[in-house]
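Peer 1: This is the structure I have questions about; it appears just below.
The values are calculated or read from the model by the stated rules, or taken from the named source; none is laboratory data. Treat the numbers as computed from the prediction; the structure is a model and nothing was measured. Cβ placement follows ideal geometry from the backbone for every residue including glycine, while neighbour counts extend to all protein chains displayed.
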Amino acid sequence: MTGSIAAELMIVRKRAATWILLGIWIALAMFFGYILPYVSAPDGPEAVRQAEIADLLPGQLVSAVLEGVPFFGGVLVLILGVLIMGGEYGWGTLKTLFTQRSSRTLIVGAKLVALGIVLLGFAMATFATSALASLVIAWLEDAPVTWPSASLVLRGIGATWLIFAVWAALGVLLAAISRGTALAIGIGILYGLVIEGLMAALFDQISLVQPLVEGLLRANGYSLAATLGVSTAATQENGPGMFSGPFVSGLQATLAMAAYLIAFVAITVGLIRRRDIA
Amino acid sequence: MNAVRERNVNAAAPENGRDRERRAPAYDAYVDEMDGDTLVIETRGLTKRYDERTAVDHVDLRVRRGEVYGFLGPNGAGKTTTLRMLLGLVRPTAGDARVVGAPAGSPAGLAKIGAMIEAPAFYPFLSGRDNLRVLAKHAGVPEARIETVLEEVGLAARAGDRFSAYSQGMKQRLGIAAALLKDPELLILDEPTNGLDPEGMLEIRELIRSLGQGRRTVLLSSHLLGEVEQICDRVGIIRAGKLVAEGTVDELRGRDWLRISAEPLEQAQSVIRRVPGVEQVSRNGRALHVTADPSHAAEINRALVSAGIAVHELRRERPGLEAIFLDLVRDHETEVHA
């Protein structure tokens, strides 16, 4: 198994798309998380400005990162998940892999473990660059530097990883179902942007959809983020990724996300084990 | 079609004289000790149906340890589907297959098999060497083996280039290198010379011939009948999903015959019919096709000359594999259109 994981890590590491997606995500996280809020902070009374800037200082690192993860980060890693599995169908490399020594379950398992490791790298890179950005803002504003507790940062990294993992696993599943990349990316983005967005928007108007919305990735992702300090008011101003509720408890959100992850992985492995490889 | 050629499943061990010369003594030694336990591939009633279409229809394939087995058939005959079933990539609808002593597709079996099915499939953004590294890690093969196989297929100098930059011939070579990585007992090669120039084809042919020496078994699927004829000990021909002929190349060819061109042809035909040992005489364009032991050639010639017939040509003919193959395929086309 370790050999197969090492092989899959090598593939992901040497693939330009991995680094391009990481670069795009970090750039988005920096721009929308720090640069834009900082340059658009009001020039009015000092107290108002300081209140805006406070959200960008090192003390708010966890909430600043997690605000963008449930939607923007999720959709980007969905694309990564699609590419990792869909590419195998496009190049026909599954037949090459499945005629080696390992079983299909082991190879797909190794692929998913490698993806999980890469996502941990994504989460840590996001926290590292965000920490750097918050440090620069503290220096520019001559503000005191106080970091959140290590346990909060670890929980933040864990929550980021879990949200990323669920979206990426959805991408892997869509790629396995469609046996390719294009359709899977299309459906994934349509689901994340349109379906979840519309459902979340309808929640206020139609009470019937509330139980459905509580089950969505977006609701559970934002609920998980909210338990780690993300302001529910801030999520309502998140552009296409906006979410105004309903929020569920942190435990329920964690369990729901874990259940999604297990379900997506199990269905993917089951599909690939059962199907013929053309 | 000569009935002897068809479905000669229980054919004896290879007797191809040219191959015997080339493959002796290791191959001869194995032939002598061969028994029922030496089957490397054994399928029983292997069948694959896609909805209404039957791609492979009750194929009973038996490939013996150490032989180079040629698997022939026109496009769409079911060759690649059969090979995929042997590797566990495609699940049979009915029947079963054991490959190197294990159920088809099981990790235990796959560990002893090297395969290249259809076009070689690798990661385009990785170099040839890195692609082999990935496979070596999955297969648990030491990395030192990578350089050995790259040398073996003549790709060592370009192994650092990206796969996407390779020519078709280089891709084929990398496919063969990947198949050799595990130093497998059984090598399954599907059209290994596709896209190669004549020199490359010759090199790969020689490589396959050398790989098939000793106890390693090679199952070679190819459209190039001359290639199969030169390399293979035994041949199986699949047509419309059915294995319709199997045996050594000599067995499939059947007996040699005599081609006689004489004047007048009709009189020559009646004279030859009376020569003892002649089994059949038929017109073949402006010549006669005589089924008889070629040792009777002198006697036939004497009879024709004595009867005042001018003999322009008397030649021993040997049907090539291509003729047999086309014969089988045309038989089928006739059946289909009848």
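Peer 1: Quick check, is B:Pro74 surrounded by fewer than 20 Cβ atoms within 10 Å (Cβ to Cβ), outside any strand (DSSP E or B), more than 9 Å from chain A (Cβ to nearest Cβ) and in contact with a helix residue (DSSP H, G or I) (Cβ under 6 Å, 6 or more places away or on another chain)?
Peer 2: yes
Peer 1: Please state which of the following conditions A:Ala64 fails to meet, knowing it meets all the rest: (1) at pLDDT 80 or above; (2) touching a helix residue (DSSP H, G or I) at 6+ places or on another chain (Cβ under 8 Å); (3) surrounded by fewer than 24 Cβ atoms within 10 Å (Cβ to Cβ); (4) within 17 Å of A:Ser134 (Cβ to Cβ).
Peer 2: (3)
Peer 1: Right, next: Tally the residues that are closer than 19 Å to A:Val75 by Cβ and either in contact with a strand residue (DSSP E or B) (Cβ under 6 Å, 6 or more places away or on another chain) or modelled with pLDDT of 90 or more (or both), restricting the search to region A:228-264.
Peer 2: Residues meeting the conditions: 6.
Peer 1: Determine whether region B:208-220 contains at least one residue that is within 14 Å of another protein chain (Cβ to nearest Cβ), in contact (Cβ under 8 Å) with a residue 60 or more places away in the chain, part of a loop (DSSP other than H, G, I, E, B) and crowded, with 23+ Cβ neighbours inside 10 Å.
Peer 2: No: zero hits.
Peer 1: Applying the selection to region A:67-116, what residues are aliphatic (A, V, I, L, M) and within 14 Å of chain B (Cβ to nearest Cβ)? Step through it out loud before you land on a result.
Peer 2: Initial filter on region A:67-116 (aliphatic (A, V, I, L, M)): A:69, A:75-80, A:82-85, A:94, A:97, A:106-108, A:110, A:112-115.
Result: A:Leu83, A:Ile84, A:Met85, A:Leu94, A:Leu97, A:Leu106, A:Ile107, A:Val108, A:Ala110, A:Val113, A:Ala114.
Peer 1: Any idea which residue in region A:1-60 is surrounded by the fewest Cβ atoms within 10 Å (Cβ to Cβ), counting only those that are under 26 Å from A:Gly109 (Cα atoms) and β-branched (Val, Ile, Thr)?
Peer 2: The extreme case among them is A:Thr2.
Peer 1: Among the numbered conditions (1) modelled with pLDDT under 85; (2) at positive phi; (3) over 18 Å from the mean Cα position of the chain (by Cα), tell me where B:Gly254 comes up short.
Peer 2: Tallying (1) modelled with pLDDT under 85; (2) at positive phi; (3) over 18 Å from the mean Cα position of the chain (by Cα), B:Gly254 fails exactly one: (3).
Peer 1: Moving to a separate point now. Are any residues in region B:294-323 outside any helix (DSSP H, G or I) and either among the aromatic types (Phe, Trp, Tyr) or surrounded by fewer than 14 Cβ atoms within 10 Å (Cβ to Cβ) (or both), and if so, which ones?
Peer 2: Across region B:294-323, the qualifying residues are B:Gly308, B:Ala310, B:His312, B:Glu313, B:Arg315, B:Arg316, B:Arg318.
Peer 1: Just checking, how many residues over region B:78-111 are in a loop (DSSP other than H, G, I, E, B) and either of a type in the set (Gly, Ala, Ser) or more than 9 Å from chain A (Cβ to nearest Cβ) (or both)?
Peer 2: The qualifying residues number 10.
Peer 1: While we're here: Return the residue satisfying two criteria in turn: it lies in region B:216-236 and is within 8 Å of the chain's Cα centre (by Cα) and among the aliphatic types (A, V, I, L, M), and of such residues it is modelled with the lowest pLDDT.
Peer 2: Here the answer is B:Leu225.
Peer 1: Would you please list the contacts, defined by Cβ atoms under 8 Å and residues six or more apart or on different chains, that run from a residue in region B:86-108 that is at positive phi to a residue that is outside any loop (DSSP other than H, G, I, E, B) and among the acidic types (Asp, Glu)?
Peer 2: none
Peer 1: Among the residues that make up region A:114-134, is at least one of them over 30 Å from A:Val39 (Cα atoms) and of a type in the set (Gly, Ala, Ser)?
Peer 2: Among the residues of region A:114-134, at least one is over 30 Å from A:Val39 (Cα atoms) and of a type in the set (Gly, Ala, Ser), which makes the answer yes.
Peer 1: Applying the selection to region A:97-139, what residues are more than 24 Å from A:Leu162 (Cβ to Cβ) and of a type in the set (D, E, K, R)?
Peer 2: A:Arg101, A:Arg104 - these are the residues of region A:97-139 that are more than 24 Å from A:Leu162 (Cβ to Cβ) and of a type in the set (D, E, K, R).
Peer 1: Same structure, new question: Filter region B:271-293 down to the residues that are part of a helix (DSSP H, G or I) and either of a type in the set (Asp, Glu) or surrounded by fewer than 15 Cβ atoms within 10 Å (Cβ to Cβ) (or both) and list them by number.
Peer 2: Hit for region B:271-293 is B:Arg273, nothing else.
Peer 1: Strands (runs of 3 or more DSSP E) wholly in region B:231-270 with at least 2 residues that are over 30 Å from B:Pro192 (Cα atoms) and not basic (Lys, Arg) - which ones?
Peer 2: Working: elements: B:234-239, B:242-248, B:257-263.
The strands (runs of 3 or more DSSP E) meeting that bar are B:257-263.
Peer 1: Restricting attention to region A:163-178, does a residue exist that is within 24 Å of A:Leu132 (Cβ to Cβ) and under 17 Å from the mean Cα position of the chain (by Cα)? Give the steps one after another, and end with the answer.
Peer 2: Here is the first cut: in region A:163-178, the residues within 24 Å of A:Leu132 (Cβ to Cβ) are A:163-164.
Narrowing the set further to residues that are under 17 Å from the mean Cα position of the chain (by Cα) leaves A:163-164.
Yes, the conditions are met somewhere in region A:163-178.
Peer 1: Can you tell me how many residues within region A:1-24 are touching a Phe, Trp or Tyr at 6+ places or on another chain (Cβ under 8 Å), in a helix (DSSP H, G or I), at the interface with chain B (Cβ under 10 Å from one of its Cβ atoms) and in contact (Cβ under 8 Å) with a residue 12 or more places away in the chain? Write out each step before concluding.
Peer 2: Going through region A:1-24, the residues touching a Phe, Trp or Tyr at 6+ places or on another chain (Cβ under 8 Å) turn out to be A:11, A:14-16, A:22.
In the following step, the residues that additionally are in a helix (DSSP H, G or I) were identified as A:11, A:16, A:22.
Next, from what is left, pick out any that are at the interface with chain B (Cβ under 10 Å from one of its Cβ atoms): A:11, A:16.
If we keep only those that are in contact (Cβ under 8 Å) with a residue 12 or more places away in the chain too, we end up with A:11.
Counting residues in region A:1-24 that are touching a Phe, Trp or Tyr at 6+ places or on another chain (Cβ under 8 Å), in a helix (DSSP H, G or I), at the interface with chain B (Cβ under 10 Å from one of its Cβ atoms) and in contact (Cβ under 8 Å) with a residue 12 or more places away in the chain gives 1.
Peer 1: Tell me which residues, restricted to region B:42-71, are buried (at least 21 other Cβ atoms within 10 Å of the Cβ) and within 21 Å of B:Glu251 (Cα to Cα).
Peer 2: Listed by number, the residues that qualify are B:Val59, B:Leu61, B:Val63, B:Arg64, B:Gly66, B:Glu67, B:Val68, B:Tyr69, B:Gly70, B:Phe71.
Peer 1: Is it the case that B:Gly128 is closer than 29 Å to B:Gly45 by Cβ and either more than 8 Å from chain A (Cβ to nearest Cβ) or surrounded by 24 or more Cβ atoms within 10 Å (Cβ to Cβ) (or both)?
Peer 2: Details: closer than 29 Å to B:Gly45 by Cβ: no; either more than 8 Å from chain A (Cβ to nearest Cβ) or surrounded by 24 or more Cβ atoms within 10 Å (Cβ to Cβ) (or both): yes.
So B:Gly128 does not fit the description; no.
Peer 1: Does B:Phe163 satisfy the condition of being in contact (Cβ under 8 Å) with a residue 40 or more places away in the chain and farther than 26 Å from B:Ser106 by Cα? I'd like the intermediate steps shown before the answer.
Peer 2: Working: in contact (Cβ under 8 Å) with a residue 40 or more places away in the chain: yes; farther than 26 Å from B:Ser106 by Cα: yes.
Here the answer is yes, as B:Phe163 does meet what is asked.
Peer 1: So which of B:Arg133, B:Arg145 is over 24 Å from the mean Cα position of the chain (by Cα), in a helix (DSSP H, G or I) and either within 11 Å of chain A (Cβ to nearest Cβ) or touching a residue at least 40 places away in the same chain (Cβ under 8 Å) (or both)? First the steps, then the outcome.
Peer 2: On the way: B:Arg145 fails: either within 11 Å of chain A (Cβ to nearest Cβ) or touching a residue at least 40 places away in the same chain (Cβ under 8 Å) (or both).
Unique residue meeting the criteria: B:Arg133.
Peer 1: So which residues in region B:167-207 are surrounded by fewer than 23 Cβ atoms within 10 Å (Cβ to Cβ), among the small types (Gly, Ala, Ser) and part of a helix (DSSP H, G or I), if there are any at all?
Peer 2: Matches in region B:167-207: B:Gly169, B:Gly200.
Peer 1: Yes or no: B:Gly66 assigned to a loop (DSSP other than H, G, I, E, B) and closer than 25 Å to B:Arg215 by Cβ? Please lay out each step first, then the result.
Peer 2: Details: assigned to a loop (DSSP other than H, G, I, E, B): yes; closer than 25 Å to B:Arg215 by Cβ: yes.
So B:Gly66 passes the test.
Peer 1: Just one of the numbered conditions (1) more than 10 Å from every other protein chain (Cβ to nearest Cβ); (2) without any contact (Cβ under 8 Å) to a residue 60 or more places away in the chain; (3) not aromatic (Phe, Trp, Tyr) is not true of B:Val59; which one?
Peer 2: That leaves (2) as the condition not met.
Peer 1: A further question on this structure: Please go through region A:67-97 and give me each residue that is surrounded by 24 or more Cβ atoms within 10 Å (Cβ to Cβ), among the charged types (D, E, K, R) and at pLDDT 90 or above, ordered by number.
Peer 2: A:Glu88
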